[in-house]
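Q: Below you'll find the structure I mean.
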Amino acid sequence: MKPLELTLGILTAVGGFVDISELVFVSQAGARFGYALIWVIVLATVGIIVFGEMSGRIAAVSRQPMFTIIRKELGLTLGGVTLIGGLVSTLVTCAAEIGGVALVLQLLTGGSYLLLAALATTVFAASIWLLPFKWIERSYGLLGLVMLVFAAALLALDPPWSHIAAGLVPRVPAGLSQQDMLVYGYFVVALISAIMFPYELYFYSSGGVEDAWSKADLSTNRVTSIVGMSLGALMAIVLLCLAAQELGPRGISPEQVGAVVLQPGLAFGKLGVILGLLGILTAVAGAAIETCLANAYAVSQFFGWRWGRHRPPQDTPLFTLAWLVVFALALALVCTGVEVTDLADYAVVLSIVVLPLSFLPLLLAGNDPVLMRDQVNGPWSRRLGWLFYGLVVLAAVAAVPLYLLTLGGKL
């Protein structure tokens, strides 16, 4: 197995975990509740590994990406509902990523936020137009590893390992008021949604088809799912622990990127701040590419259009138009002046509502011996799949009431 073959998982993980929503929610969770929500990150990571491996295996064996499976398993009507929900939630997420990139660039350059958002969108569109899929995943995936400066900062700041270990045990912190209990519940649901974003699997399964995976690549799929998603979870835990250790005790609410990026600066000074900004920039940029392509993949696969970045743009006119329109609409949302953190809130709530309809077809297809033959889900895949499916159904039911009762965790 070549190391560069792992970059699909790295891009999916770094873009899926360390996007603008993750930066905001994980840091807020750490600042407000200390280390008490680490267990949610671990739990949801196991879930996304289970479904990520399943989606890659289905793509490798059947050569069918996720939205082709969704339409076959759910039919035109329910599949169409899933498509619309997925498109809306992923579009809002893409807008949040573009806004996040613009904020980082503004911190680095002092330029106009809207001008930088337009410039970033242009660069992303040029990347997709000019680069083949393998180079998109390799460049943005590997550059996103600059985020490891946050892990180095945590180690340099001598974290309380016993408190971190205690956070791995599911519990509700003692002494919370009724209001705080509701906010804690909202962050549980929000973290599950942010880590198990459906667009991650839209992108990942489509990437497996782009890379022409076959049964010979099943080990690559397994390793990329586990290593890539685990790397993303590690970065999420690092961000939570830094916020719990450095921001919470200082009474800082990390609702903006600037507060998050201060943390490597505490360990490494100006160099740490610069590296932190560059790490966030590349990770969120990768997420913007991923979300845009995920929407283009979804609509193209559902309607049976020719799609894929392994083909020249002129050979896939509707697919190309789709991702250009996604970027244009996402930029338009940014230009309305909606705060990036609000966009992240909307994206998380919309995504958790879509999750059950997105994941059910994977379970049905993975359990189908006609489609999967000797690669049908094994006992553990079936049990864990249905267990986590039940979890996301519960989270989806609770998401909107908790969002309304807590004003998106801002009470």
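The values are calculated or read from the model by the stated rules, or taken from the named source; none is laboratory data. Treat the numbers as computed from the prediction; the structure is a model and nothing was measured. All Cβ positions, even for glycine, are placed from backbone atoms using ideal geometry, and neighbour counts span all protein chains on display.
Q: Quick one: how many residues across segment 199-218 are among the aliphatic types (A, V, I, L, M) and touching a Gly at 6+ places or on another chain (Cβ under 9 Å)?
A: Total satisfying the criteria: 3.
Q: Quick one: which residue in Leu176, Leu234 is surrounded by fewer than 24 Cβ atoms within 10 Å (Cβ to Cβ), in a helix (DSSP H, G or I), at pLDDT 85 or above and not basic (Lys, Arg)?
A: Leu234
Q: Okay, next question. Cβ contacts < 9 Å: first residue outside any helix (DSSP H, G or I), restricted to segment 357-382; second residue of a type in the set (Gly, Ala, Ser), any location; separation 6+ or different chain. Result?
A: If the second residue must be of a type in the set (Gly, Ala, Ser), the pairs left are Asn367/Ser381; Asn367/Gly385; Val376/Gly366; Asn377/Gly366; Asn377/Gly385.
Q: Additional query: Output the residue which, of all residues in segment 58-85 that are crowded, with 21+ Cβ neighbours inside 10 Å and touching a Pro at 6+ places or on another chain (Cβ under 7 Å), is farthest from Ala365 (Cα to Cα).
A: Looking at residues that are crowded, with 21+ Cβ neighbours inside 10 Å and touching a Pro at 6+ places or on another chain (Cβ under 7 Å), I get Ala59.
Q: What tally of residues in segment 211-257 results from selecting those that are acidic (Asp, Glu) and farther than 28 Å from Gly99 by Cα?
A: Total satisfying the criteria: 2.
Q: Would segment 330-339 turn up any residue that is hydroxyl-bearing (Ser, Thr, Tyr) and within 17 Å of Leu91 (Cα to Cα)?
A: Yes.
Q: For residues in segment 150-173 being in a helix (DSSP H, G or I) and not hydrophobic (A, V, I, L, M, F, W, C), which is surrounded by the fewest Cβ atoms within 10 Å (Cβ to Cβ)?
A: Going through the qualifying residues, I end up with Ser162.
Q: Leu182 passes all but one of (1) out of contact with any Pro (no Cβ under 7 Å at 6 or more places or on another chain); (2) farther than 30 Å from Gly408 by Cα; (3) in a helix (DSSP H, G or I); which number fails?
A: Single failed check for Leu182: (2).
Q: Continuing with the same structure: Just one of (1) assigned to a loop (DSSP other than H, G, I, E, B); (2) within 22 Å of Ser206 (Cα to Cα) trips up Lys410, so point out which.
A: (2)
Q: Something else about it: Every residue in segment 356-387 that is hydrophobic (A, V, I, L, M, F, W, C), more than 22 Å from the chain's Cα centre (by Cα) and surrounded by fewer than 18 Cβ atoms within 10 Å (Cβ to Cβ), please.
A: Across segment 356-387, the qualifying residues are Leu364, Val370, Met372, Val376, Trp380.
Q: Inspect segment 177-190 for any residue being touching a residue at least 40 places away in the same chain (Cβ under 8 Å), over 16 Å from Ala36 (Cβ atoms) and of a type in the set (Phe, Trp, Tyr) and give the result as yes or no.
A: For segment 177-190, residues touching a residue at least 40 places away in the same chain (Cβ under 8 Å), over 16 Å from Ala36 (Cβ atoms) and of a type in the set (Phe, Trp, Tyr): absent.
Q: Let me ask you something else. What's the total number of residues in segment 26-39 that are under 18 Å from Pro170 (Cβ atoms) and either small (Gly, Ala, Ser) or buried (at least 24 other Cβ atoms within 10 Å of the Cβ) (or both)?
A: Going through segment 26-39 one residue at a time, the tally reaches 8.
Q: Return the only residue of Pro264, Pro249 being free of Cβ contacts under 8 Å to residues at least 40 places away in the same chain, closer than 30 Å to Pro159 by Cβ and part of a helix (DSSP H, G or I).
A: Of Pro264, Pro249, the one residue that is free of Cβ contacts under 8 Å to residues at least 40 places away in the same chain, closer than 30 Å to Pro159 by Cβ and part of a helix (DSSP H, G or I) is Pro249.
Q: So which residues in segment 396-410 are touching a residue at least 40 places away in the same chain (Cβ under 8 Å) and farther than 15 Å from Phe25 by Cβ, if there are any at all?
A: Ala396, Ala398, Val400, Leu405 - these are the residues of segment 396-410 that are touching a residue at least 40 places away in the same chain (Cβ under 8 Å) and farther than 15 Å from Phe25 by Cβ.
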